[in-house]
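Undergrad: Sharing a structure with you now.
The values are calculated or read from the model by the stated rules, or taken from the named source; none is laboratory data. Values in this document were obtained by computation on a predicted structure and should not be read as measured data. Reconstructed Cβ throughout: ideal geometry from the backbone, glycine too, with neighbour counts over all protein chains shown. Remember, those area values only see protein heavy atoms, side chains included, never the ligands or the DNA or RNA. Shrake-Rupley method; radii C 1.70, N 1.55, O 1.52, S 1.80 Å.
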Amino acid sequence: MNAEHWSVTLHPPLLTTTSGDAIGLGVIYCIGRNYADHAREMNAPRPVEPIVFIKPPSAYVPDGGTVVAPAAGHLLHHEVEVVAVIGTALSHATPEAAAGAIMGYAVGIDVTLRDVQQRAKAEGLPWAVAKGFATSAPISRVVPASQIDRLDRIEFGLAVNGIERQRGKPAQMLWSVEELVAYLSKWFVLQPGDVVLTGTPQGVGPLEDGDRVHAWLGDAVTLDVQVHVPKA
Ligand code: ZN
């Protein structure tokens, strides 16, 4: 392995609001298969309860950063997702209480090593490597919840090299953001700065070396990252 080619720039675990305030990033929770159209494109059954996984802080990439594949020859996929940012500690909350604990929203990308994930699925093994590798979680600046009117109606999406690949609305989620946060709070104690990536709509697809990825949450905030796949 050539260490020069594989050097990854890690970013301090700090989110930034659209007004420039810093928020310490906590746990990165992610939800799998929360849109029926995406479950169908993966030939996967509709889940009976939320599918939860976690990425480490080293997965975080801020706006303008670079996603670096951990190894060449793997199938890197984009999944654009609405991100909820927790503002108040939460345990065993109702969806109503969960709604009040969300301080803001962002757009993020759950970057996935699809071939590694498919192998893990087939063998009944965890997704930690496929989903949680360094730089697998680009997240935009955070828009205060007070500035988001009717999140469920806001269109979000993703383009690669200027060509749109994904577009969705939170209204299409199997579980709403509030329901997901309430669900997580039954297993974990959510803390300020924790974030929840709430699942991806259909249109996931491959990313290659040099790709420029642009994601948006309505006209509230955007996220731009580039992709680097080191040569083997
Ligand atoms: Zn995802």
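Undergrad: Please list, or write none, the lysines whose alpha carbon is within less than 26 Å of the alpha carbon of LYS231, excluding same-chain residues fewer than 8 places away.
TA: Answer for LYS231, where 26 Å is the Cα cut-off: LYS55, LYS131, listed by chain and number.
Undergrad: Then there's this: Placing +1 at every Lys and Arg Cβ and -1 at every Asp and Glu Cβ, with all other atoms neutral, what dipole size does the chain have around its Cα centre, in debye to the nearest 20?
TA: 380 debye
Undergrad: OK, next. With just the Cα atoms defining each centre, how far is the range 99-163 from the range 1-61? Give it in Å.
TA: Answer, in whole Å: 5.
Undergrad: Would you kindly state the longest site-free stretch of the chain, with sites defined as GluC sites (Glu not before Pro) in a DSSP loop (not H, G, I, E, B) surrounded by at most 15 other Cβ atoms within 10 Å?
TA: 5-154
Undergrad: While we're looking at this one, here's another question. Between GLU123 and VAL52, what is the label-to-label distance in nm when each label sits 7 Å out along the Cα-to-Cβ direction?
TA: Placing both labels 7 Å beyond Cα along the Cβ direction yields 2.6 nm.
Undergrad: Counting only other residues whose beta carbon sits under 14 Å from that of ASN43, what net charge do I get with K and R as +1, D and E as -1?
TA: Summing Lys and Arg as +1 and Asp and Glu as -1 gives +3.
Undergrad: Helix 114-123 against the longest principal axis of the chain: what's the angle in degrees, Cα atoms only, rounded to the nearest 10?
TA: That helix lies at roughly 80 degrees to the long axis.
Undergrad: Okay, moving on. For GLY205, what residues show an amide H to amide H distance below 5 Å, using hydrogens built from the backbone and excluding near sequence neighbours?
TA: HIS78
Undergrad: Also: Give, as ranges by residue number, the residues of the range 207-229 whose backbone N falls under 17 Å from the point 7 Å along Cα→Cβ of ALA72.
TA: 207-211, 227-229, by backbone N distance to the label point.
Undergrad: Net charge near THR222, counting Lys/Arg +1 and Asp/Glu -1 over other residues with Cβ under 10 Å of its Cβ?
TA: It works out to a net charge of -2.
Undergrad: Among ASN34, ASN43, ASN161, which one moves the most in a GNM of the chain with springs linking Cα atoms closer than 10 Å?
TA: So, out of ASN34, ASN43, ASN161, the one fluctuating most is ASN43.
Undergrad: Per residue, how much accessible area does the range 15-228 have with a 1.4 Å probe, in Å²?
TA: 41 Å²
Undergrad: Taking all protein chains as present, what is the carbon and sulfur share of the accessible area of the chain, in % to the nearest whole number, probe 1.4 Å?
TA: C and S fraction of accessible area: 54 percent.
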